[in-house]
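Presented below is the structure to which this report refers.
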Amino acid sequence: MRQVRPKKNLGQHFLTDLTIAKRIADTVDACQGLPVLEVGPGMGVVTQYLVEKPRELKVVEIDRESVAYLMEHFPRLRDNILGEDFLRMDLHGVFGGRQFVLTGNYPYDISSQIFFKMLDNRDLIPCCTGMIQHEVALRMASQPGTKQYGILSVLIQAWYDVEYLFTVEPSVFNPPPKVQSAVIRMTRNRMERLDCDEALFRQVVKTAFNQRRKMLRVSLRPLVAPDGEQSALFYGESSAFTRQFATRRPEQLSISDFVVLTNLVADAIKGK
């Protein structure tokens with residue numbers, strides 16, 4: 001069978017450097033004893049190294065041409081090649097409810113969606129590795145006070161420790177992307193639950209960073225309007241919000257700061 005043609009609509013950039021492919025596959029070794037789910041294997045350049053590891057492996061691929069290629073070239077994986085859309089999968093059924101490592105050369109245009117799905121299934125995925133756009137990797141690993149620190153930084157680091165492992169140049173792909181790539185690893189931290197409403201936490205983080213150059217007293221207005229009866233205490237001169245957060249910008253806040261802020265917003269919304 002001939003090689004698979006990269007498809008622009010699927011964001012396919014096939015890795016051609018075998019040394020880098022092996023390095024990506026080896027990132028899962030830090031998460032020992034767990035089965036592995038590879039997203040978007042394409043023609044199996046990383047799969048060929050994953051399949052040799054002493055653990056169960058499944059791959060999920062939405063591209064039918066790639067699925068046919070994998071079926072032909074990886075017959076030992078035939079029953080574990082899932083021709084599905086990862087974003088629509090019920091991850092609890094992949095390994096019978098068992099935890100697993102998520103890895104892959106993730107399509108740039110859906111990498112954030114993949115990681116939000118990971119967050120929604122964090123109890124199933126104690127470790128996630130793989131290759132993404134360099135800029136996204138920097139955002140995920142950045143700390144407060146940096147210009148890359150943002151929504152992904154806060155939401156992912158609330159639950160995972162993020163390691164930026166190494167940079168990958170465009171020349172090792174077919175076709176070459178217009179940007180650099182990076183390989184990362186995320187490992188679940190010890191956080192079992194946030195001390196706040198987790199849905200509201202996400203909403204506060206996203207709302208704050210939607211106007212990241214604004215002070216929080218301005219950027220949070222979509223959540224707590226300053227002229228509403230319930231928000232009088234929230235914006236009051238001696239309020240906890242005014243004293244701690246009103247003149248700060250979102251990139252200055254740690255995850256624990258966002259938890260405190262979320263509880264203040266929750267109280268304002270409830271009229272406490």
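The values are calculated or read from the model by the stated rules, or taken from the named source; none is laboratory data. Just so we're clear, the structure is a prediction, and the values are computed from it rather than from any experiment. Cβ atoms come from the backbone with ideal geometry, glycine included; neighbour counts cover every protein chain shown. These area figures cover heavy atoms from the full protein model, side chains too; ligands, DNA and RNA do not enter into them. Shrake-Rupley method; radii C 1.70, N 1.55, O 1.52, S 1.80 Å.
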The chain: most fluctuating residue of Gly44, Gly83, Gly97 per GNM, C-alpha cutoff 10 Å: Gly97
For Val168, residues with placed amide H under 5 Å, excluding near neighbours: Ser181, Ala182, Val183
Cα pair distances of the stretch 1-116 binned at 5 Å [whole percent]: 2, 11, 23, 26, 24, 11, 3, 0
Enclosed volume per residue, in Å³, of the convex hull spanned by Cα atoms of the stretch 152-255: 144 Å³
Alpha-carbon gyration tensor eigenvalues x 5, square-rooted, for the stretch 29-90, Å: 18, 14, 9
Structure-based [θ]222 nm, the chain - -39500 (n - 2.57) summed over DSSP H runs of at least 4, per residue, nearest 500: -9000 deg cm²/dmol
Whole-number D in µm²/s for the chain (Stokes-Einstein; Kirkwood sum over Cα pairs; 37 °C, 0.692 mPa s): 163 µm²/s
Within the accessible area of the stretch 190-237 (1.4 Å probe), percent carbon and sulfur: 44 percent
Percent antiparallel among DSSP beta bridges (both partners in the chain, rounded to 5): 55 percent
Disulfide-incompatible cysteines by the Cβ rule (no partner under 4.7 Å) in the chain: Cys128, Cys196
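So how many Å³ per residue does the convex hull of the Cα atoms of the stretch 196-272 work out to?
So the per-residue Cα hull volume is 76 Å³.
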